[in-house]
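Student: To start, I am sharing the structure in question, which I have written as structure tokens.
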Amino acid sequence: MTIRPFAGLAACAAALSLAGAAQAAPGSYVSIVQETTINVPAATAWAKVKGYCDIGAWLKAPCEITAGKDGELGALRKIAGRVEEVIVAVTPMSYTYADINPAILYHGTVEIRPVDKKSSKLVYSLFFDETSIP
């Protein structure tokens with residue numbers, strides 16, 4: 001398995017202005033959901049994306065855990081020295097994060113779903129208030 005299928009999802013996370021591929025919810029809320037099937041078992045796929053700073057490699061930007069423990073509720077990461085996000089939910093094969101700036105409303109989830117014993121699905125969802133994004 002390569003990281004290539006994940007590059008588009010990471011780019012989506014970094015570019016919140018991709019509302020052209022999104023569906024507008026009532027008001028100023030936008031949801032983006034992307035998924036791709038991966039020809040490896042779910043456990044193998046999750047091992048590739050579970051690191052909270054794995055996104056740094058996909059974006060070719062520095063990422064560091066600045067507080068808490070990687071993959072645990074409350075862990076903080078800083079991407080490219082300026083974007084700070086906190087893990088707000090965790091399951092065995094997913095995590096959800098949010099910007100720590102209360103003026104910017106967005107949440108993203110990275111999830112692996114088993115399809116069968118030999119394949120899985122990577123699902124990335126992003127929800128944001130487009131009026132809060134500079």
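Student: Would you work out what percent of the accessible area of segment 83-134, with all protein chains in place, is carbon or sulfur (probe 1.4 Å)?
Tutor: Carbon and sulfur: 60 percent of the exposed surface of segment 83-134.
Student: Assuming a strict under-24 Å limit between Cα atoms, what lysine pair count do you get for segment 23-118 once near-sequence pairs (fewer than 8 apart, same chain) are dropped?
Tutor: Close lysine pairs found across segment 23-118: 13.
Student: Could you please tell me the mean projected area of the C-alpha convex hull for segment 28-87, averaged over all directions and given in square nanometres to one decimal?
Tutor: Averaged projected hull area, Cα only: 5.5 nm².
Student: Over the Cα atoms of segment 32-134, each weighted equally, I'd like the Debye log10 I(q)/I(0) at q = 0.19, 0.20 Å⁻¹, rounded to two decimals.
Tutor: The computed values of log10 I(q)/I(0) come out as -0.97, -1.06.
The values are calculated or read from the model by the stated rules, or taken from the named source; none is laboratory data. Quick caveat, the model's predicted, so the values are computed rather than measured. Surface accessibility is based on the protein's heavy atoms, side chains included, excluding ligands, DNA and RNA. Shrake-Rupley method; radii C 1.70, N 1.55, O 1.52, S 1.80 Å.
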